[in-house]
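These notes concern the structure reproduced below.
The values are calculated or read from the model by the stated rules, or taken from the named source; none is laboratory data. Everything quoted here is computed from the prediction, not taken from an experiment. Cβ placement follows ideal geometry from the backbone for every residue including glycine, while neighbour counts extend to all protein chains displayed. Ligands, DNA and RNA are stripped out before the accessible areas are found, and what is left, the full protein with its side chains, is counted by its heavy atoms. Shrake-Rupley method; radii C 1.70, N 1.55, O 1.52, S 1.80 Å.
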Amino acid sequence: MEKRWWQEAVVYQIYCKSFCDTNGDGIGDLRGVRSKLPMLKELGINCIWFNPIYRSPQVDNGYDISDYQDIDPTYGTLDEFRELLAEAHTMGIRVIMDLVLNHTSNQHRWFQESRKSKDNPYRNYYIWRAPKEDGKEPNNWGNYFYEGKGSAWQFDELTGEYYLHNYSWQMPDVNWEYEPLRQEMYRMMRWWLDMGVDGFRLDAINRLKKPEGLPDSKKPPAPPVGIYGYVVDRAICTNVPGIHELLRNINKNVWSKYDCMTVGECGNLSSDGALDYISQGNKEIDMLFHFEIGKNPDIITVREYKQTQQRWIDLMKHNAWITQFLTNHDSPRQVSRFGNDREYRVPSAKLLATLTHTMPGTPFVYQGEEIGMTNVYFDTIEDYNERYTVGKYWTMIEAGEDPETALGKLRDMSRDNARTPYQWSDDENAGFSTGKPWIRVNPRYREINYRADRDSKDSIFDYYKRLIALRLSCPAIIDGDFRFLLMDHPQIVMYLRSCARQTLLVAVNFSDDEVPVQFPEELDGFVWERLLTNLDGSTPVMDRRDVWMPWEAEIYQMIG
Ligand code: GLC
Ligand code: CA
């Protein structure tokens, strides 16, 4: 595969709203980000992904964009963004923007025009349909945020028609069938790229194409919204034939003209359908995020982790590149979900990072994971903010669930786990803001915070630093071969990374237990130097202990 800069990127995802507040309004801002650039530089990342910071009513924290070509005033100004961009570039840090092409805010000028009349020039920018004969919604689709009674259609009295919103009713889906809309989106993307941004994370990108005729979902209506007859079917608008042509057109008109990186969020996509999107020859997108790791939150097994990784890594043989991440702003905290956020918080946080940064593909760090931030457990729904948790909670209550049980079912996976303020110190509000934060701080901030971590001899941040530096200096990690050893082991993840110049062995005990390990015979007869470990007091070379400590992680290099 032809070498591109983003294959050597280590991307740091910034959820600006919760990163660093400099004016005491309780909301993170661009100045806050700018003040932390030296810290990011020290960490060693070389690319930032900004969650949406465009002008927005913040119904979905910025994924509801009302002006694609402006910065939300709570975050700063366009000029401040330009300055930040220039400063980041000077420091060798690229910047990619989160781009929402599937929907806009209902406050966007296009939508304001669109709803005015059936013959408004912007009418077809969105997806309007007449009611059925009985006045009902055009089909049985449910919205993903469980809003209202659950329909994906909102009636607008002004013209007596419904518009489609797969997410919130305040986030109408746009109509990619309509050429003027496409042109407008192309122009907008070029404007950002011309300004100097280095690419895009593409929100819900495999959902731009809707199925012909917008047919009913055949899935049976399931509670909670099933009680109203709607069906939340995330698959029906996903990977619809025609999506690839649509993406190739964007690529041809926009992305191909710049040395930019594109990474698409692709829910409901298995490795089977992925190559069409990311095979470089197809000229669609460069990389994608899939959600197959931990797909079933109740049974996350180490074997599944390995099998899933193997399937995706196999795609790389076909002129394609993949991503590595275990969390983002829509997921629980990785140390809580995959690690042990109590007695083994520190080693398990390091272990997870070890995997992400030494597997094939471009690694993504989500803010706070580098200090081992954990899930939050709020006691009442009032403390939760994000639309999905809140919408689903109230729909469950309507369907007869008791509050305790409803919250119990939602807490572990709530997107707010990742969205509480960055814990900078054990000062008030975790040092995030001098005012009242827009969402409650995780009560564990006194124990878990940046300052405490940096002061600890067991610092997670420090481990990330060494890991990232190691990655960037090891050709075997960036584009070497990959092979799992002990594939069927239920707790150990072990693999070789090798290129002409170097052979590395990564081995971790992905469990709470002390695990006896028999090293595969093929490793015998070589000397293995220890490059990195999350265990204290280890020897400089591999010692073939037969018991591995809980959450132990090691990286070795073959030296002879
Ligand atoms: C993506 C975003 C998520 C947002 C949704 C709607 O899944 O990651 O945060 O709510 O799209 O834009
Ligand atoms: Ca602020």
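Points worth noting:
- Normalised Debye scattering of the stretch 73-140 at q = 0.15, 0.17, 0.18, 0.26 Å⁻¹ gives log10 I(q)/I(0) of -0.73, -0.81, -0.85, -1.13, counting only Cα atoms as equal scatterers and leaving out solvent.
- Here the Karplus relation 6.51 cos²θ - 1.76 cosθ + 1.60, evaluated at θ = phi - 60°, turns the backbone of the stretch 467-484 into coupling constants of 5, 5, 4, 4, 3, 6, 9, 10, x, 5, 7, 5, 9, x, 5, 9, 8, 6 Hz, with x for every Gly and Pro.
- Projected label distance in nm at Lys436 and Lys317, using a 7 Å step from Cα toward the beta-carbon: 5.9 nm
- Shape summary of the stretch 330-440, radius of gyration then Dmax from alpha carbon positions: 15.8, 47 Å.
- Net charge of Cβ neighbours under 10 Å - reference Thr262; Lys, Arg +1; Asp, Glu -1: -1
- Among the GluC sites (Glu not before Pro) in the stretch 258-349, those placed in a DSSP loop whose Cβ has at most 13 other Cβ atoms within 10 Å are Glu343.
- Distribution of pairwise C-alpha distances over the chain, 10 Å bins, in %: 3, 17, 28, 27, 17, 6, 1, 0
- Using θ = phi - 60° in the Karplus curve 6.51 cos²θ - 1.76 cosθ + 1.60, the 3J(HN,Hα) couplings for the stretch 371-379 round to 10, x, 5, 10, 4, 10, 10, 7, 8 Hz; x is entered for Gly and Pro.
- Long-range HN-HN contacts of Leu485 with modeled amide H, under 5 Å: Met494, Tyr495, Leu496
- Spin-label model, Ser279/Gln107: points 7 Å from Cα along the beta carbon direction are separated by 4.4 nm.
- Summed over all non-identical Cα pairs, the Kirkwood treatment of the stretch 132-190 gives a radius of 12.9 Å.
- Sorted into 5 angstrom bins from 0, the C-alpha pair distances of the stretch 471-560 split as 3, 14, 25, 27, 20, 10, 2, 0 percent.
- If you model the stretch 457-517 as an ellipsoid using its alpha carbon gyration tensor, with each semi-axis the square root of five times an eigenvalue, the axes come out at 22, 20, 7 Å, biggest first.
- Where trypsin sites (Lys or Arg not before Pro) fall in DSSP loop in the stretch 1-75, at most 12 other Cβ within 10 Å: Lys3
- Largest-first principal axis extents, alpha carbons of the stretch 228-283, Å: 48, 22, 18
- Interchain or long-range residues, amide H under 5 Å from Gly142's placed H: Ala152, Val231, Val232, Asp233
- Residues in the chain average 39 Å² of solvent-accessible surface per residue, probe 1.4 Å, ligands and nucleic acids excluded.
- Share of carbon and sulfur in the accessible heavy-atom surface of the stretch 158-301 [1.4 Å probe, %]: 50 percent
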